[in-house]
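For reference, the structure is listed below as structure tokens.
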Amino acid sequence: MIRMTLAEIAEAVGGTLGQDTDGALTVTGPVTVDSRTVEPGGLFAAFVGEHADGHDFAASAVERGAVAVLSSRQVTGSGQSVPAAPTPTVPIPAVPTPAVPTPTVSIPTVLVEDVQEALGRLARAVLNRLPGTPATGITVIALTGSSGKTSTKDMLGQVLAAHGTTIAPKGSFNNEIGLPLTVLRADESTRYLVLEMGSRGIGHLKYLCEIAPPSVGLVLNVGTAHVGEFGSKEQTALAKGELVEALPEDGVAVLNADDPLVVAMRSRTAARVITFGESADADVRATEIELGADGRAHFLLHADRYGEPAPVALRVVGEHQVANALAVAATALGLGLPLDAVARELSAAVALSAGRMAVSERSDGVVVIDDAYNANPESVRAALKALIALARARPGARAWAVLGPMLELGERSGEEHDAVGRLAVRLGVDRLVAVGEGAARIHAGASHEGSWGEESVMVADPDAALAVVCAELRPGDVVLVKASNSIGLGRIARALLDDVVSVEGDR
């Protein structure tokens, strides 16, 4: 974050300085909402969450080096709030009361009515202070989509980092809290600011774009993820299109030519449009796509307006990563980067975020694909195909799919889960473990497809799933673990990678 005094921060967020707070104190470090990650010179934002109140950790944050706290109430050195004096409504008789020690240590505080709103205001203020000249200033690139956002963001950040200082979100920092925190990591040296934008309904992306107005907007796809919240894919497209509507006339909209709902967004923006996809009409496209024995794709990158075709050999797993790579290439080319360099840097990019097609191999040859951070019909289909590609390249390996429910699918939930189970059979998955009541239709779909019998099993929870896998896993097998994040299947993947897990031949 750029250097700002507490007085400047209070002015930027429409707040006031707290009790005994020196406005000349200067924040020089990052902003955080977790007192455990405070760095010296930073600012701690005290949020009231579902399970914890950040105000209770204010003192700890200051002890760890925070200059001050962004807070909705004054806190003391003990972490306790300073109560407001009661306003009597009836005469109170004079009754002797025991003396109560008055807190004498006040934590430097910027007081605001709403910490979340203030965080967004602070991010916009910091962005406004950064240089914005085309040659040397910061460029804000925002991306959205129903699936693939985080993997694409990670890849894009690595490609751009080869051409200038780049800030990109950690994990899936894509909401009203995570996005400002990412913006606040930028400073005068930042050339590219990559922002992942999630949406839960109409108006959300518009709000995020007001915090950090993008000059480049990338829309990956419109799928069935969160259709239970949006109501339909058309409504999802309406919400996702708010990103391209926010672009300036001299901006760039990067759109998926293979998704009709996305490419139709060109009518909603005044910015220059670049399309990507396997379609022959796409500005940036791929040909000669091959999936290697390691599950990684190779292809020839075409962009006629930007140079001669160049080969790309991805290091991330899954054929679906080709579309993500094309999106990255189109964005980078739109920013003026040379095609050959983009192809080279795409070939060097690796998976960064946990729980997203993270492939690990144990000493006994068991391969674990941890894709348990999120799940929707599109991403599950892609993960299953990657599982089969990896398993079939390993003689004798069996393909395991440990699948939990996909959330927020609305009325299509049953149909989509059934389809996943049937697809697992058609692709040749050897063992399917459906975890939790919400995954019952996955098990049912698999059981009703073809001649499958005991190859599919239904279990109640992650512990039961882990027991099934550990009891039957053989060296060299490939295991995919995937579900919506709140199901908690990630711990299955972590446990399988723990040395204490016993498998046949290693007991």
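Among residues other than VAL48 with Cβ under 12 Å from its Cβ, the summed charge is -3 (Lys and Arg +1, Asp and Glu -1).
Of the peptides 201-209, 269-277, the order by per-residue mean of other Cβ atoms within 10 Å, starting with the highest, comes out as 269-277, 201-209.
What is the Cα centroid distance between region 416-437 and region 343-362, reported in whole angstrom? Cα centroid to Cα centroid, the span is 25 Å. Quick check on region 130-348: of the DSSP beta bridges with both residues there, what percent are antiparallel, nearest 5%? Taking every DSSP beta bridge with both residues in region 130-348, the antiparallel ones total about 35 percent. Per residue, the convex hull spanned by the alpha carbons of the chain comes to 191 Å³. The mean of 1/r over all distinct Cα pairs in region 358-496, once inverted, gives the Kirkwood hydrodynamic radius of 14.4 Å. Dipole check for the chain: with +1 at the C-beta of Lys and Arg, -1 at the C-beta of Asp and Glu, and the Cα centre as origin, the magnitude is about 420 Debye. Close amide-amide hydrogen proximity is noted between ARG296 and GLY318, each under 5 Å apart and 5 or more residues distant or on a separate chain (H modeled in the peptide plane; Pro and chain starts excluded). In plain terms, the chain from ALA313 to LEU497 could stretch by 63.5 nm, reckoned as 0.36 nm per residue minus the Cα-Cα distance.
Couplings 3J(HN,Hα) for region 41-57, derived from phi with the Karplus relation 6.51 cos²θ - 1.76 cosθ + 1.60 (θ = phi - 60°), are x, x, 10, 9, 9, 8, 9, 9, x, 5, 10, 8, 10, x, 4, 6, 10 Hz, where x marks Gly and Pro.
Taking loop as defined by DSSP and a crowding limit of 11 other beta carbons within 10 Å, which GluC sites (Glu not before Pro) in region 1-58 fit?
Passing sites in region 1-58 are GLU50.
Normalised size of region 413-463, defined as Cα radius of gyration per 2.2 N^0.38 Å with N residues, equals 1.00.
Projecting the Cα positions of GLY251, ASN175, SER279 onto the charge dipole of the chain (unit charges on Cβ atoms of Lys, Arg, Asp and Glu, taken about the Cα centre) puts GLY251 furthest along the positive direction.
Coordinate-derived values only; no laboratory data. This is a predicted model, so every value here is computed, not measured. FYI the Cβ positions are ideal-geometry reconstructions off the backbone, even for glycines, and counts take in every protein chain you see.
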